Amino acid sequence: MNDPHETGVSLRTRRWYGGMSRDHYIHRSWMKRGLPDDAFSGKPMIGICNSASDLTPCNQHLDDLAEHVKRGVWEAGGVPLEFPVTSLGETQIQPTAMLLRNLMAMDVEESLRGNPLDGVVLLSGCDKTTPAMLMGAASVDLPAIMLTGGPMLTGRHHGKPLGSATDMWRMSEEVRAGTMTPEAFVATESSMTRSAGHCNPMGTASTMATMAEALGMTLPQSASIPAPDTRRRRLAHLTGRRIVEMVGEDLRPSRILTIDAFENAIRVLSAIGGSTNAVIHLLAIAGRVGVPLTLDDIDRIGSQLPLLVDIEPSGTRLMEDFFEAGGLPALLYELDPIMRGDALTVSGVPIRACWEECRTSDPSMIRPLDDPLLPSAGIAVLRGNLCPNGAVVKPSAASPELLVHTGPAFVFGSIEEFKERIDDPDLEVTADSVLVLRGCGPRGYPGMPEVGNMPLPAKLLRLGVRDMVRISDARMSGTAFGTTVLHVAPESAAGGPLADVQTGDLITLDVPGRSLTLHVSDEELGNRRSRRQPDPPVAWRGWTRLYIDHVLQADRGCDLDFLVGCSGADVTRESH
Ligand code: FES
């Protein structure tokens, strides 16, 4: 591996520290604070971009990992400089963390560009922190490596494993069905979150950690080593060492985040039964590096692939089991015939190198391609007069008997209206009804919350119904499940046809045929459109105003239109 002291790579931070002028004096003098003089004479300055926060429970332990990254950086001859960035706690922040993903990405981007850094380690964990960091780093294109915080240990209650969130969704429906008491439900609360780390099913955090590894942006096994396992500290140490070498190799995200890397990630997404949120995040990250990835590519590359990993919510087990079975490298070995093995990784070698010596220790957890858990389980993209620019559905988390279904719509104009009415015993719904929720897209909510897995009507739950077709312009938690059509684009607030559906209209979902059809004539839809009333403004100032004015629709990754692309790392003007 290359030592930046010997490779002749011109360090970016020489601009701050490599001279005798007043400005160089200012930069060095204020930064020294105990650092020896030779820290400023050609050693790589390595940022540790840390999203630890007490308000982001899944990332609280990242400070500990940062210390181990620092050891590796010092050991390799670099100077570690840790700094905080915006952090987003999925379960805490309102109205939804997604409203702020792009704000965090901007924070990461500007922090990297404006500061004296030659390379960066990105410490993330919770759902939005991983894509936001990858988006920001991609738009600066300094050498960058990610280390995710790792999943929680498997929670247990009365001897039974509890998947964070996935089992919560399940139990909360049992309470509403009357088959579990609220006291028994709440009693599981402490058992579910057993250790540091992010959610332990293949929810959005685990999916995005796995996407980062599949894209080549982490060292092998970053996604699955449990958060409290000391092997994660070792990985942090190695990550610190490796970023110093990457600076010497001038190995930047633009060399790693290629179309081959995205194709690999999409194939892995299918094999793990990953979160539908990954579709939005992958499109946004690709947009930052100029890779022309589209919603149709997600379907073309991934939808026919099988589910190979037995993990919630598509399967039965959790991330700790995935790690014990060999983690992503063992899965990649099984996927070898369909992978782009030459894609470069942060390790400086093609991704194929990480799986060549790897075999699963548990073939029931990581299955071979010819003996999958489910065939053709990848995320499907639907088209039709209800979603002209697309919508997604995750067949592996849906009920097979509902993948082709026609039923009458029952429409809710907002999530508040939904919550108010869904348990009304007189609600005129049957198991065949199609629940439609609008006003929950990127602009309409704003921020596109995870409410697409609408709880079922209590009166149907009591009759034993456990799934129905649901359609919305919202997202769904990666830990959730059900026959839910999500990300309808354009959203209702952007003029999409979802705004014109009326209770009683017939809708046909045909996942094998990739269609979503509203059985209303074009003429009638035109009439309804002409009668629409404009929505009242949701925000008149601040970030929310900026977001509403510039956010792209779900089929384009929900980035802000002016953030697409890369501005590089150059800063052309001095501050004094
Ligand atoms: Fe943070 Fe699930 S809430 S990862």
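So here's what we get for this one:
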item	result
Residues being in a loop (DSSP other than H, G, I, E, B) and away from the ligand (no atom under 11 Å from the Cβ) - total across segment 184-223	14
Segment 315-330 residues that are more than 15 Å from Thr166 (Cα to Cα), paired with ones that are of a type in the set (Phe, Trp, Tyr) (beta carbon under 7 Å, 6 or more apart)	Pro329/Trp355
Those residues of segment 117-134 which are within 16 Å of the ligand (Cβ to nearest atom) and either without any contact (Cβ under 8 Å) to a residue 40 or more places away in the chain or of a type in the set (Asp, Glu) (or both), in sequence order	Asp127
Counted residues, segment 492-534 - those being touching a helix residue (DSSP H, G or I) at 6+ places or on another chain (Cβ under 7 Å) and within 24 Å of Asn102 (Cα to Cα)	1
Residue within segment 543-561 that is of a type in the set (Val, Ile, Thr), over 30 Å from Ala105 (Cα atoms), outside any strand (DSSP E or B) and open to solvent by less than 40 Å² (accessible area, probe 1.4 Å) present	no
Total residues in segment 51-63, condition under 16 Å from Leu122 (Cβ atoms) and within 16 Å of the ligand (Cβ to nearest atom)	8
Residue check for Leu516: within 28 Å of Arg470 (Cα to Cα), in contact with an Asp or Glu (Cβ under 8 Å, 6 or more places away or on another chain), surrounded by 13 or more Cβ atoms within 10 Å (Cβ to Cβ) and in contact (Cβ under 8 Å) with a residue 60 or more places away in the chain	yes
Top-ranked residue of segment 365-383 - restricted to ones that are of a type outside the set (A, V, I, L, M) and under 26 Å from the mean Cα position of the chain (by Cα), ranked as farthest from Phe322 (Cα to Cα)	Arg383
Count of residues meeting criterion [in contact with a strand residue (DSSP E or B) (Cβ under 9 Å, 6 or more places away or on another chain) and open to solvent by 10 Å² or more (accessible area, probe 1.4 Å)] in segment 236-277	5
Residue check, Met171 more than 20 Å from Val291 (Cβ to Cβ) and either within 16 Å of the ligand (Cβ to nearest atom) or in a helix (DSSP H, G or I) (or both)	yes
Looking only at segment 80-116, and only at residues there that are more than 14 Å from the ligand (Cβ to nearest atom) and touching a Cys at 6+ places or on another chain (Cβ under 9 Å), the one that is most open to solvent (accessible area, probe 1.4 Å)	Pro84
Boolean, Ala66 is within 16 Å of the ligand (Cβ to nearest atom), open to solvent by less than 10 Å² (accessible area, probe 1.4 Å) and among the hydrophobic types (A, V, I, L, M, F, W, C)	no
Selection count where residues are surrounded by 24 or more Cβ atoms within 10 Å (Cβ to Cβ), in a loop (DSSP other than H, G, I, E, B) and touching a residue at least 40 places away in the same chain (Cβ under 8 Å), scope segment 457-473	2
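Residue by residue, here is whether (1) open to solvent by 40 Å² or more (accessible area, probe 1.4 Å); (2) in contact with an Asp or Glu (Cβ under 8 Å, 6 or more places away or on another chain) holds:
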{"residue": "Met168", "(1), (2)": "yes, no"}
{"residue": "Ala177", "(1), (2)": "no, no"}
{"residue": "Thr181", "(1), (2)": "yes, no"}
{"residue": "Val186", "(1), (2)": "yes, no"}
{"residue": "Met192", "(1), (2)": "no, yes"}
{"residue": "Ser195", "(1), (2)": "no, no"}
{"residue": "Asn200", "(1), (2)": "no, yes"}
{"residue": "Ala205", "(1), (2)": "no, yes"}
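The values are calculated or read from the model by the stated rules, or taken from the named source; none is laboratory data. Note that the coordinates shown come from a computational prediction; the quantities given were computed from them, not determined experimentally. Don't worry about glycine lacking a Cβ; one is built from the backbone with ideal geometry, like all the others, and counts go over all protein chains shown. Accessible surface is based on the protein model in full, side chains and every heavy atom, while ligands, DNA and RNA are left aside. Shrake-Rupley method; radii C 1.70, N 1.55, O 1.52, S 1.80 Å.
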